[in-house]
Structure formats: C-alpha cells, structure tokens
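Right, one structure below, let's go through it.
None of the figures in this text is laboratory data; all of them are computed from the coordinates on show. Quantities reported herein were computed from a predicted structural model and do not represent experimental measurements. Virtual Cβ from ideal backbone geometry, glycine too; neighbours counted across all protein chains shown.
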Amino acid sequence: MNYIKFSKFEDLDDFRDSLLRGREIVFKYNGKEYGIFLFDDGIHVAQSYHDETKKVYQTPDEALEYTIDGVKIKDIITTVEIVHRGI
C-alpha cells in the first residue's frame with residue numbers, strides 16, 4: 001500500500017482516541033506493515049496481508065497488548081512509522 005506519511009502518535013492516549021473515533025491505522029515495524037481497524041465485532045489487528053496473524057480485541061487497551069516480534073504495541077506505537085491514520 002502507498003500512503004502519505006502521517007504523524008506519529010504523541011502518546012498512548014492519542015492512539016486510544018484514534019481507535020475510539022473509528023480511525024484506520026497502518027504502521028510499519030521491523031520492515032513489516034500492520035493494520036488496526038475498528039469493525040462491529042471489535043478492533044482487528046494484523047500484519048498486512050497475513051490473516052493468520054489477526055487478533056480481535058474489544059478495547060483499545062486490549063489491542064495495545066498485541067505482540068509483534070516479542071514486543072507489545074503499547075511499547076512501540078509512539079515510535080513506529082505511521083503510514084496511514086484514517087479520518
């Protein structure tokens with residue numbers, strides 16, 4: 001996917017706010033792209049184009065526990081490259 005680069009999250013509250021407003025989030029970490037999307041059944045988190053990595057969470061705080069290469073999203077979300085923050 002080709003997106004315009006977006007600003008990084010200022011803090012975890014900024015991330016939570018984006019999710020609660022239903023914004024789509026796509027970011028890169030360790031050379032891989034990941035997506036976070038809000039659907040009727042919850043917050044879907046997965047590596048892009050790898051459905052087997054998908055997990056569904058009910059709250060932004062739960063989604064922050066998703067682990068990538070042994071690291072939780074909550075520990076990297078303010079430093080990763082954000083490639084899309086939907087409005």
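I'd like the full set of residues that are charged (D, E, K, R) and part of a loop (DSSP other than H, G, I, E, B), limited to region 54-75.
Lys54, Glu65, Asp69, listed by residue number.
All but one of (1) in a strand (DSSP E or B); (2) touching a residue at least 60 places away in the same chain (Cβ under 8 Å) hold for Thr78, so report the exception by its number.
Unmet for Thr78, out of (1) in a strand (DSSP E or B); (2) touching a residue at least 60 places away in the same chain (Cβ under 8 Å): (1).
May I ask you to list the residues in region 8-27 that are within 16 Å of Gly86 (Cβ to Cβ), of a type outside the set (A, V, I, L, M, F, W, C) and exposed (fewer than 14 other Cβ atoms within 10 Å of the Cβ)?
The answer is Arg21, Gly22.
Every residue in region 57-87 that is touching a Gly at 6+ places or on another chain (Cβ under 8 Å) and exposed (fewer than 14 other Cβ atoms within 10 Å of the Cβ), please.
Gln58
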